[in-house]
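Let me give you the structure first, and then I'll get to my questions.
The values are calculated or read from the model by the stated rules, or taken from the named source; none is laboratory data. Not measured: the values here are computed from a predicted model. Cβ coordinates were reconstructed from backbone atoms using ideal geometry, including for glycine residues, and neighbour counts include every protein chain displayed.
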Amino acid sequence: MGEHHSDAEYLDGKLLIAMPGMRDPRFSHSVVYLCAHNEDGAMGLVVNRLIDSITFSDLLDQLGIARPAPTIADVQVHFGGPVESGRGFVLHTADFASDATLEVDAGISVTATVDILQSIALGKGPAHSILALGYAGWRSGQLESEIRANGWLHVDADIDLLFDMDCDDKWQRAFAKLGFSPELLSGEAGHA
C-alpha cells in the first residue's frame, strides 16, 4: 500500500455510489469498488450489474480452460465497466493469491490473470469473488472532479454487500450505509 498524500483523499478500497442524477447511462445506479486511486487516476469495478449475454462456462470455453464436468455452480459475470470490456477481473477475498494479485485493502484483492479462473473452475477459488468483464477508469483528477460535481458518493466497502450475489438492490443497500435514502437526493430537486 503506497503512502497517501495529505493533500488529497484517495478512495481506493471504497465503494463509489452513483448519485440518483447520474447522467452517464453506463454508470446509472451503479456501485463501483475502487481498486486503485492515486495522482495518476483511478480504476474500479462495477459490482452490481450483470452481463446476461455471456456465462462463466462461455468464458472458460473462450479461454480454453478445461474444467471438470459438470460445471460448478455457474459464476455470474458482471459488467465491470466500459474499458477493455473483453478483459476479465476477479475481485475476491484474500484467501486466494497469485503473483499477479493486487491487494487493495484488508481482506479484498483483485486478480486479472487466467489462473484465478482456472482455480474457480476447479472449485478451488477464493471463498467470495466477483467476476467482471471490463473496468471503469478515470484519468488523473477526473474522478475528483466528478465527485465535486455530485456525480458520486462514497462509503466504506462492506464485504457482505460487495460479494452479495443479489445485484438488484445493491445500489439501494449501498446508499443505506450512508444513512439516508436516494430519494432525498433526486437529481431534479433544486435545479432551475
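What are the residues in segment 113-159 that are touching a strand residue (DSSP E or B) at 6+ places or on another chain (Cβ under 7 Å), surrounded by fewer than 16 Cβ atoms within 10 Å (Cβ to Cβ) and farther than 22 Å from Arg173 by Cβ, if any?
Residues satisfying the conditions are Arg139, Ser140, Gln142.
Conditions tested, residue by residue: (1) touching a Gly at 6+ places or on another chain (Cβ under 9 Å); (2) more than 24 Å from Thr111 (Cβ to Cβ).
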site	(1), (2)
Gln142	yes, yes
Ser145	yes, yes
Asn150	yes, yes
His154	no, no
Asp158	no, no
Leu161	no, no
Trp171	no, yes
Ala176	no, yes
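Among Gly86, Gly41, which is the only one that is closer than 20 Å to His154 by Cβ and surrounded by fewer than 22 Cβ atoms within 10 Å (Cβ to Cβ)?
Among Gly86, Gly41, only Gly41 is closer than 20 Å to His154 by Cβ and surrounded by fewer than 22 Cβ atoms within 10 Å (Cβ to Cβ).
If you don't mind, another one. If I ask for residues that are crowded, with 17+ Cβ neighbours inside 10 Å and small (Gly, Ala, Ser), which ones from segment 160-179 would you list?
Ala174
Out of (1) crowded, with 17+ Cβ neighbours inside 10 Å; (2) in contact with a strand residue (DSSP E or B) (Cβ under 8 Å, 6 or more places away or on another chain), the odd one out for Pro182 is which?
(2)
Give all pairs with beta carbons closer than 8 Å in which a residue from segment 21-35 that is over 14 Å from Val155 (Cα atoms) meets a residue that is among the hydroxyl-bearing types (Ser, Thr, Tyr) and modelled with pLDDT under 95; count only pairs at least 6 apart in sequence or on separate chains.
As it stands, the answer is Gly21/Ser186; Met22/Ser28, since those pairs meet every condition given.
Then there is this: For segment 107-129, how many residues are at pLDDT below 95, among the aliphatic types (A, V, I, L, M) and under 16 Å from the mean Cα position of the chain (by Cα)?
So the count comes out to 1.
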